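The values are calculated or read from the model by the stated rules, or taken from the named source; none is laboratory data. Every value quoted in this text rests on a predicted model; they were computed, and no experiment measured them. Here the Cβ positions follow ideal geometry from the backbone for every residue, glycine too, while neighbour counts run over all protein chains shown. Quick note on the areas: whole protein, heavy atoms, side chains included, nothing else; ligands and nucleic acids left out. Shrake-Rupley method; radii C 1.70, N 1.55, O 1.52, S 1.80 Å.
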Amino acid sequence: MDARNGIGGTLGGVDLLAEIDRLRKERNAVILAHYYQKPEIQDLADFVGDSFDLSRKAADTDADVIAFCGVRFMAETAKVLSPQKTVILPDMDAGCSLEDSCPPDQFAAFRAQHPDHIALTYINCSVEVKALSDVIVTSSSAEKILSQIPKEQKIIFGPDKHLGGYINRKLGRDMLLWPGVCIVHEAFSETELLKLKAQHPDAPVAAHPECPPHVIDHADYVGSTSGILAFAESFTGDTLIVATEPHIIHQMEKAVPHKRFIGAPGADGNCNCNICPYMALNTVEKLHVALRDLTPRIEIPEEMRLKAKVSLDRMLDMASGTVGLGDLGPFRVSGD
């Protein structure tokens, strides 16, 4: 959708798209948008993608300013990789249920209770938790990284218990799981999904590994947002059921407009509970103000930034070829 014709296309008579483009040039800014952002934000971004891949792309530019349309932990990661750049987030309240589920002090205490465990931590966490971790993983790199760690090594995996449980079952591991969940992926209903599959018996299901097992069990493909998008482009057939935040469908429809994409339903089959409320806090209007005022800014103490960067660098050392590809491959677990 063209933001000029959408909600907030103008503000006090100001053409927001024109102003954002002017400020982008004036500030030497790069605008990043996660796949879960509203279509009007995706369409004006310089890069659209997975969180860590976006941070890497921004780091490779000569931009002075990174405007990250996503959530706070994503903008923090961009700052870790690009400390010399100004990183702004349109709404500092754009958090993450996974991040909220894992307060740094509680995570530190949990680690202290299990000194023989290393911490393999999903990137959906605060910079403080990254600094307390040994290796960060994305949904695309987790399997490759875990396969390099000896089975006798005890591991804490957090904050997403569903992603950790999925990898445990797939690789036959027994990681100790932090009990966090993504409120978006937790909202998908097995009953409603089965009803949808009955209506479209030839349509495969693509699911994010943050989904609970009762959804994953019905998936034909499991992968990160980038992986699901790639599957949407390559699968044979004309209809796909998508079990992740539905704003990714915008990119699918742009890439393969002749195919049909149906978002998996929430608990009652009609609710909007599968839309991320944190991602939705970012708007074109807030992006305009953030670029104009260069605030809210992400600031990270240098000592903490360096500690967090160690865990991110280890991820790249162990699995750089998979980061951003998003492919965990098809997988089913029977009887769970």
Hydrophobic (A, V, I, L, M, F, W, C), in contact with an Asp or Glu (Cβ under 8 Å, 6 or more places away or on another chain) and crowded, with 24+ Cβ neighbours inside 10 Å: is that true of C102 in this structure? no
When E40 is run through (1) assigned to a helix (DSSP H, G or I); (2) under 27 Å from L120 (Cα atoms), the failure sits at (2)
Please verify whether the range 72-93 includes one or more residues that are more than 17 Å from K309 (Cβ to Cβ) and small (G, A, S). no
Within the range 217-251, can you find the residues that are in contact with an Asp or Glu (Cβ under 9 Å, 6 or more places away or on another chain) and under 15 Å from V181 (Cα atoms)? T244
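Conditions tested, residue by residue: (1) within 24 Å of H34 (Cα to Cα); (2) in contact with a strand residue (DSSP E or B) (Cβ under 6 Å, 6 or more places away or on another chain); (3) modelled with pLDDT under 95.
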| position | (1), (2), (3) |
| --- | --- |
| D91 | yes, no, no |
| G95 | yes, no, no |
| P104 | no, no, no |
| F110 | no, no, no |
| S126 | yes, no, no |
| L132 | no, no, no |
| K144 | yes, no, yes |
| I155 | no, yes, no |
Have a look at F47, F73, F68 and point out the one that is under 22 Å from V289 (Cα atoms), among the hydrophobic types (A, V, I, L, M, F, W, C) and in contact with a Cys (Cβ under 8 Å, 6 or more places away or on another chain). F73
The strands (runs of 3 or more DSSP E) lying entirely within the range 193-307 that contain at least 1 residues which are aromatic (F, W, Y), farther than 24 Å from I41 by Cα and at pLDDT 95 or above are none
From the list P204, P265, P213, P246, pick out the single residue that is out of contact with any Phe, Trp or Tyr (no Cβ under 8 Å at 6 or more places or on another chain) and open to solvent by 10 Å² or more (accessible area, probe 1.4 Å). P246
The one condition in (1) part of a strand (DSSP E or B); (2) open to solvent by 10 Å² or more (accessible area, probe 1.4 Å); (3) farther than 22 Å from D21 by Cβ; (4) in contact (Cβ under 8 Å) with a residue 60 or more places away in the chain that F110 fails to fulfil: (1)
Can you pull out the residues in the range 159-188 that are within 15 Å of the chain's Cα centre (by Cα) and among the acidic types (D, E)? D160, E186
